[in-house]
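Each remark here refers to the structure printed beneath this line.
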């Protein structure tokens with residue numbers, strides 16, 4: 001089994017590297033560059049279609065895991081066979097991928113992008129892949145979601161799809177955070193279900209993202225961006241991971257644990273929504289006040305921003321993983337610590353950034 005895992009993971013990385021390299025060459029040849037506007041912090045002609053590489057690699061691996069690997073002797077990867085309902089999430093991720101690539105070439109109106117996300121989320125929910133509970137405590141208000149699992153999961157998918165898109169503003173940030181999160185998803189699946197298929201899928205996503213990050217890390221700067229298509233696809237996949245299970249049954253991954261693990265894009269999105277409501281602006285109005293913008297305003301370069309937010313992601317992953325190892329009150333304490341850590345980080349950066357802005361406007365203040 002270890003040998004098969006290794007081959008599939010290496011294949012994810014290699015396929016991603018090859019496709020990103022080819023897209024990079026073609027983008028320069030065709031002048032497919034990321035436009036520069038008031039939201040962007042980069043300069044120069046940099047392609048924006050890198051998401052094609054890791055998305056294609058991941059989709060290929062999902063198809064292989066779901067439909068080709070089951071043809072191998074069952075003892076190689078026990079429990080790997082996917083049931084028919086997995087076809088709908090697969091169709092949904094392909095739909096998000098294709099629409100995202102189209103959006104990178106010809107930007108779509110927000111309402112059309114939202115419509116596609118709604119369709120994709122509906123395909124997942126109608127297949128039975130939903131959150132079943134809020135925490136591991138199976139009673140009272142912290143217990144099962146019952147019928148609420150459908151609207152909650154629907155909002156989770158659409159919301160996270162857009163949340164990851166919002167943090168994709170610094171070289172290597174969205175890809176690195178997502179690679180780390182998917183690694184922790186793999187560790188957690190090994191703990192709560194020993195689900196070989198889901199462990200392998202999470203590791204494939206990490207490997208495909210590392211293949212993309214070879215070209216995207218700021219050393220000294222990215223050669224290619226993932227684009228809106230790549231970041232939306234990535235957000236959709238991260239929303240999907242805690243919902244899936246090899247046999248078509250619920251994964252058993254509670255909502256609050258998944259949300260804590262993905263706290264960085266979620267908190268940044270809530271902060272952006274609050275900021276725009278407070279300022280009486282449309283929710284989809286762009287600005288330069290996301291967490292990476294604030295860190296750069298404090299003097300950190302792209303590598304510094306990545307290091308800080310990677311560190312926070314690792315801390316969240318450890319806290320969530322440890323909380324799943326325990327039951328009862330200790331589990332909730334560790335889970336609460338993840339939310340407190342994320343809240344404290346965002347609040348601190350907000351007020352420090354506001355102080356720095358005021359000092360620049362009025363040095364005597």
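Laboratory data are not the source of any read-out in this text; all were calculated from the coordinates shown. All figures in this text were calculated on a predicted structure; none of them were measured in a lab. A quick note on method: Cβ atoms are made from the backbone with ideal geometry, for glycine too, and the neighbour counts reach across all protein chains shown.
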Sort the following peptides by mean Cβ neighbour count (other Cβ atoms within 10 Å, averaged over residues), highest first: 232-243, 45-56, 180-191. 232-243, 45-56, 180-191
Checking 341, 120, 258 against a Gaussian network model of the chain (alpha-carbon springs below 10 Å), the top fluctuating residue turns out to be 341
Compute the length gained on full extension between residue 4 and residue 94: take 0.36 nm times their separation in residues and subtract their Cα-Cα distance, giving the result in nm to one decimal. 29.9 nm
Quick one: if the Förster radius is 51 Å, what FRET efficiency do residue 63 and residue 278 give, using the C-beta to C-beta distance and rounding to 0.05? 0.70
So how do 331, 16 line up by other beta-carbon neighbours within 10 Å, fewest first? 331, 16
Highest GNM mean-square fluctuation, the chain, Cα pairs closer than 10 Å: which of 144, 162, 245? 144
I want to check the label-to-label distance for residue 29 and residue 122. Put each point 7 Å from Cα in the C-beta direction and report it in nm to one decimal. 4.0
Shape of the chain from its Cα gyration tensor (a ≥ b ≥ c, root eigenvalues): rounded if a/c is under 1.5, otherwise prolate when a/b > b/c, or oblate? oblate
Residue-averaged 222 nm ellipticity for the chain, from DSSP H runs of 4+ at -39500 (n - 2.57), nearest 500: -22000 deg cm²/dmol
Order of 106-117, 200-211, 19-30, 277-288 by packing, highest average Cβ count within 10 Å first? 200-211, 19-30, 106-117, 277-288
Relative contact order, percent, of segment 2-361 when contacts are C-alpha pairs under 8 Å separated by at least 6 residues? 23
With springs only between Cα atoms under 10 Å apart, run a GNM on the chain and tell me which of 230, 128, 176 wobbles the most. 128
Förster radius 25 Å - calculated FRET efficiency between residue 303 and residue 339, Cβ distance, rounded to 0.05: 0.35
Going fewest to most other Cβ atoms within 10 Å around each Cβ, 105, 97 line up as 105, 97
Note the full-extension length gain between residue 356 and residue 144 as 0.36 nm times their separation in residues minus their Cα-Cα distance, in nm to one decimal. 71.8 nm
By the Cα gyration tensor axes a ≥ b ≥ c (a/c under 1.5 gives rounded; else a/b larger than b/c gives prolate, otherwise oblate), the shape of segment 193-239 is oblate
If you take the square roots of the eigenvalues of the alpha-carbon gyration tensor of segment 215-365 and sort them as a ≥ b ≥ c, do you get rounded (a/c under 1.5), prolate (a/b over b/c) or oblate? prolate
List 10, 134 from most exposed to least, where exposure is judged by having the fewest other Cβ atoms within 10 Å. 10, 134
